[in-house]
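Novice: Mind having a look at this structure? Questions to follow.
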Amino acid sequence: MRRLLVVVLGLAVLMAGAARAADPGAGSKTMVTGYLAPNFRIIDKGETYVPDTLNPGSGTWVQNASDMGFGMAFNRVTFSGEMEAGKIVKNVAWSVEVDVSHPTEVALQWAYIQPKFNDVLSVRFGHVKKPFSREVLHATGKLLTVDRTPATRELIDLGYANYNFGLEAVVAQPMFKITAGAYSGSPSEKSVPDQDPGLDFGGRAVVMPMDGVEIGVNAILVTLYEDGNNDGVYSDKVESNSGMAFGFDVDYKKDFGTMELWAQAELGMGDNWEEGAKEPAAMDTWKDYSWYKFQYYYLKALFMVNADLGIHFGYSAWDPNTDADAGKNNSISVITPGITYFWAKNLRTQAEVQLRTEQQGVDGDGANLDNLTYTHFVLQTVLIW
């Protein structure tokens, strides 16, 4: 499969390079854009139980001091452009985006070349986002709430979402869009020397049945790696497992004259290989595992009362293990009410309260432990330039 990917990449490069252009600069355009979001946060650290040393078995809960300070959620610069090509590849688009929100780091985001054979079919290869989860694929600078849902970080850690090197085909029509590709996976995480890192495969289809409505479905298959279970004997016994996730989402926009509504909802589920296998195979095979399942969902909405002032709301939940016999009462939910004010078309301030509830599992008798609750506050200004 890796050889096939290399061949396809090579053909795409050759077609783009062979495209006729009398003047390399003719018909080309380049743009530099970006967006940044300085913010102020108050992060609730919860309470700590302090036992009473004079009265064993009793104690009090003491509120921890909250973290408070300024930061930068993101600060991104995007270099993008498109140029005329030739008879086979009509145009070639490209984009490079970096994040410099951290004072000492530069993080690569998008970095791809996209030969366009016509207005419908194109091929994109480079550093792209895997086609999974509307929430992850949604543009960072245009999020309806200040932060993404708690499931986002989990999906990234499991390898189902976020940026990765790969090759994907894109078919775009006014009524639908399909993206499918192969991605490099996570070869840096392999624990067996010289193990083939394998490939991840994903696809997403979005249907636009009417103005303002988008319905999406996606699925992804990720290659997992031998986890050091062979006691140092690395031979042909090493086998790879895989994990799969799929989801469904809806995006809805409606203009009511002076008011406007933008709402999103998503439901996803799949293999949570970090939770372990239901019925682990023999320690020397690490093959054909059946994983515990995760599930997440969220609903977000931004209701603009007028052109400047809006009210936003979000509810999201993440359950790392939906199997009742392997850990009840362990989900996370977040409620996010807030206000959005647009100073200008591309400049807005969001003030948001984040009500987070974390379930703590069960005790030795199977009774649910008390939930931990946190109340965070974020004030963020987003500028798109």
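Novice: Scan the range 26-70 residue by residue and report those that are outside any loop (DSSP other than H, G, I, E, B) and aliphatic (A, V, I, L, M).
Specialist: 31, 32, 36, 37, 42, 43, 50, 62, 68
Novice: Return yes when residue 120 is farther than 23 Å from residue 355 by Cα, of a type outside the set (Phe, Trp, Tyr) and at pLDDT 95 or above and no when it is not.
Specialist: For residue 120, the condition - farther than 23 Å from residue 355 by Cα, of a type outside the set (Phe, Trp, Tyr) and at pLDDT 95 or above - is met.
Novice: Something else now. Considering the range 91-107 alone, what residues qualify as being of a type outside the set (Val, Ile, Thr), surrounded by 13 or more Cβ atoms within 10 Å (Cβ to Cβ) and over 15 Å from residue 32 (Cα atoms)?
Specialist: Within the range 91-107, 91, 101, 107 qualify.
Novice: In the list 240, 188, which residue meets the criterion of being at pLDDT below 95 and either part of a loop (DSSP other than H, G, I, E, B) or closer than 28 Å to residue 317 by Cβ (or both)?
Specialist: Matching residue, one of 240, 188: 240.
Novice: So which residues in the range 345-361 are in contact with a Gly (Cβ under 8 Å, 6 or more places away or on another chain) and not charged (D, E, K, R), if there are any at all?
Specialist: 350, 351, 353, 361
Novice: In the range 123-133, what residues are of a type outside the set (Val, Ile, Thr), buried (at least 22 other Cβ atoms within 10 Å of the Cβ) and at negative phi?
Specialist: If the condition is that a residue be of a type outside the set (Val, Ile, Thr), buried (at least 22 other Cβ atoms within 10 Å of the Cβ) and at negative phi, then 124, 130, 131, 132 are the ones that fit.
The values are calculated or read from the model by the stated rules, or taken from the named source; none is laboratory data. Keep in mind that what you see is a predicted model, and the values were worked out from it rather than measured. Glycine gets a Cβ as well: all are built from the backbone with ideal geometry, and neighbour counts include every protein chain shown.
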